[in-house]
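To keep things clear, I will list the structure first and then write my remarks on it.
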Amino acid sequence: MKNLSRLLIAILLFSVTAVFTSCLDDSNDDSIPEETYKSYLSSMAGNYSGKATFYVPSASSTTSAMVAYDSIQSISWRMRTDSTILVPSFPINKLDSAINITSSTPEKYSLLKDAISEMSSTSLTAFYYIPSSSYVSSSQIQFVVNPYTLETTLNYDGADHKVYFVFYTYTFGGTWTTSRTMGMNMYLTAIYLDGTTSGDAIPSDYFNPIGIYFEGSGY
């Protein structure tokens with residue numbers, strides 16, 4: 001589990017895109033037969049519990065690393081054979097750190113941060129898939145994670161606002177089927193307000209991307 005944890009965090013903190021570009025080279029036919037694919041999903045399916053750690057970019061200008069700022073020591077999720085992962089009690093209030101508060105941060109974003117911090121846990125769903133047979137070994141199955149956007153209505157700055165939490169759609173996960181342990185990354189890339197066009201996103205000056213690493217065991 002320690003090795004998988006290091007691998008997944010490394011991919012999250014540096015360059016997910018580069019890793020998958022090389023892995024998805026179509027020069028060889030490494031597709032997975034349908035029945036074999038279903039058997040992989042069945043072997044991974046089930047309930048898991050463990051820890052979720054939240055990361056923000058390092059304040060240092062000399063590194064691109066991310067640093068942990070909070071964690072949930074007891075969280076559960078379910079991998080299902082329909083290629084979805086359900087986190088029934090996702091602590092969305094931990095995403096308040098996506099709002100970067102400085103002396104120049106507009107008040108409306110400070111109020112949004114406060115509203116997010118007061119949110120109750122919500123259900124988060126992600127779609128996952130195994131791109132090719134190269135992602136599978138005798139003891140490990142790796143997969144791609146695509147979290148769905150979380151949409152909610154929050155009242156702040158004197159009005160109701162639609163708020164969209166948008167995640168990167170190509171992060172990484174893996175399971176050890178023999179030990180029933182797993183880890184997976186998610187990555188919040190934007191928050192949109194009252195719409196989903198580029199002009200509705202919180203500007204980068206006031207936004208921190210958030211990395212989330214889940215690690216746990218099946219039960």
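Tabulated results
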read-out: Verdict on Asp160 being part of a helix (DSSP H, G or I), acidic (Asp, Glu) and more than 18 Å from Ile72 (Cβ to Cβ); value: no
read-out: Residue count, region 175-217 (criterion: small (Gly, Ala, Ser) and surrounded by 19 or more Cβ atoms within 10 Å (Cβ to Cβ)); value: 4
read-out: Answer from Ser198, Ser179, Ser133 - the residue that is closer than 25 Å to Ser43 by Cβ and at pLDDT below 95; value: Ser179
read-out: Some residue of region 137-150 being more than 30 Å from Lys108 (Cα to Cα), of a type outside the set (Asp, Glu), open to solvent by 20 Å² or more (accessible area, probe 1.4 Å) and assigned to a strand (DSSP E or B); value: yes
read-out: Residue in region 100-109 that is farther than 19 Å from Pro203 by Cα, out of contact with any Cys (no Cβ under 7 Å at 6 or more places or on another chain) and open to solvent by 50 Å² or more (accessible area, probe 1.4 Å) present; value: no
read-out: Which numbered condition Ser83 misses (of (1) open to solvent by 50 Å² or more (accessible area, probe 1.4 Å); (2) at pLDDT 95 or above); value: (1)
read-out: Which listed residue, of Asp114, Asp96, is outside any loop (DSSP other than H, G, I, E, B), more than 30 Å from Ser39 (Cα to Cα), open to solvent by 50 Å² or more (accessible area, probe 1.4 Å) and among the acidic types (Asp, Glu); value: Asp114
read-out: Number of the condition not met by Phe165 [criteria: (1) surrounded by fewer than 17 Cβ atoms within 10 Å (Cβ to Cβ); (2) modelled with pLDDT of 95 or more]; value: (1)
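The values are calculated or read from the model by the stated rules, or taken from the named source; none is laboratory data. Small disclaimer: the values here were computed from a predicted structure and weren't measured. Cβ atoms come from the backbone with ideal geometry, glycine included; neighbour counts cover every protein chain shown. Protein only, heavy atoms only, side chains kept; ligands, DNA and RNA dropped before computing areas. Shrake-Rupley method; radii C 1.70, N 1.55, O 1.52, S 1.80 Å.
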